[in-house]
Amino acid sequence: MKYPKIWLSPPHMSGNEIRYINKAFDSNWISTFGDNIDLFESRIESYLKESSKVVALSSGTAAIHLALILLGVGEEDEVICQSFTFCASANPIIYLKARPIFIDSEMDTWNMSPIYLEEAINHRILKGKKPKAIIVVNSYGMPAKWDEILTISKKYKIPIIEDSAQSLGSSFDGRKCGTLGDISVLSFNGNKIITTSAGGALICDKQQVKNKTIFLAAQSKEASNFYTHKEIGYNYRMSNVLAGIGLGQMEILDEYVKKRRQNNFHYKSIFEDVKGIKLLEEVSKNYFSNHWLSCILIDKKIANFDNKKLNSFLLKENIESRFLWKPLHTQPVFKRYNYFGNNESVGFFNRGLALPSGSGLTLIEKNRIADTIKRLTLES
């Protein structure tokens, strides 16, 4: 008997979304204008607080692209970027013909190492190329070492783009992720903690920056009775229909964060008595992770199995898991760019695995996962 598929992080509809979608259809506002967009932005602003200004966009990647433009990044400029992340964090740097500088991770949060960050900044300044911006990612929902990173940012006067694509609902020292950078971004892709099917958002703290972002995201149309364009613009605005999905999802965000954190606690109980397994957890009370994905590192010498064997074992039971990010500095498309670090992130990739973490994960599914892992540990 083949059991139903357990997915890594599937969309989880609340049932509230259809009300807002119907509103978009009833009003005939099904393009990139409409009340759902304004209300969705307002709901996120209220959730994040910190005087946040939010612009709903077509993707998190679009948000990073616009953030770089707003910070004045152009051709041949250098932008520091975390290596342990998805390519979407770095691709917009290339869109602008700028150059990424990749920074390795530290072992506590798996995010950007403040030590290598400062080393890279000093190296580039000595070479006469002070970086124009820093892109910091809260990987898998875990906040980075923001106290140290913000201190470095202020010391060298280099603005930060906070990539919170995976960390809506997380916080550092009481501040919500999405408010920690000079500009921050969110993603609402189908696998994120809440979804709009496809979509993202840019977060800033000034109304004029929000206005400029909307202008750029709507093809840079000047205010006139006919189409006039003085700047290059982009088709990056979110659809009113998709914003309706987001409104329904925002109503249950806190509940979904709670469920994902419960998943992480469940995995902690599974691995408590299994030697050679390290679960990604908060390192202190300053950190609060939404645990978008629960991830582990496996020491093969102690556990007697590795991430590939566990991935294969789960797959045979129709359970999806996924290898961790392959660091960007090792990707063929990025290998020619500068990198600072000691390949800690390569170790994460070689040893790590992300486990099923959806907010809709049932007790029966959790027990299936636990039983499968237990069978492997007994066999190894």
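The values are calculated or read from the model by the stated rules, or taken from the named source; none is laboratory data. Computed from a prediction, not measured in an experiment: that's the story for all the values here. With ideal geometry, Cβ positions are generated from the backbone for all residues, glycine too; neighbour counts draw on all protein chains shown.
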Q) What number goes with the only condition from (1) touching a strand residue (DSSP E or B) at 6+ places or on another chain (Cβ under 6 Å); (2) surrounded by fewer than 16 Cβ atoms within 10 Å (Cβ to Cβ); (3) of a type in the set (Gly, Ala, Ser) that residue 46 does not pass? A) (1)
Q.
Restricting to the stretch 140-162, name every residue that is touching a Ser or Thr at 6+ places or on another chain (Cβ under 6 Å) and either at pLDDT below 95 or closer than 22 Å to residue 358 by Cβ (or both).
A. 141, 142, 143
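Residues checked against (1) assigned to a helix (DSSP H, G or I); (2) in contact (Cβ under 8 Å) with a residue 12 or more places away in the chain; (3) among the hydrophobic types (A, V, I, L, M, F, W, C):
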| site | (1), (2), (3) |
| --- | --- |
| 231 | no, yes, no |
| 241 | yes, yes, yes |
| 246 | yes, yes, no |
| 249 | yes, yes, no |
| 255 | yes, yes, no |
| 263 | yes, yes, no |
| 267 | yes, yes, no |
| 275 | no, yes, no |
| 278 | no, yes, no |
Q.
What's the total number of residues in the stretch 160-194 that are in a strand (DSSP E or B) and under 19 Å from residue 238 (Cα atoms)?
A. 6
Q: Looking at (1) modelled with pLDDT of 95 or more; (2) surrounded by 13 or more Cβ atoms within 10 Å (Cβ to Cβ); (3) in a loop (DSSP other than H, G, I, E, B); (4) not β-branched (Val, Ile, Thr), find the lone condition where residue 76 falls short.
A: (2)
Q: Find the helices (runs of 4 or more DSSP H) located wholly in the stretch 1-71 whose residues include 1 or more that are within 24 Å of residue 232 (Cα to Cα), at pLDDT 95 or above and among the hydrophobic types (A, V, I, L, M, F, W, C), and list them.
A: 35-48, 60-70
Q.
Among the numbered criteria (1) in contact with an Asp or Glu (Cβ under 9 Å, 6 or more places away or on another chain); (2) outside the structural domain of residue 214 (by TED's automatic domain parsing), which one does residue 11 miss?
A. (1)
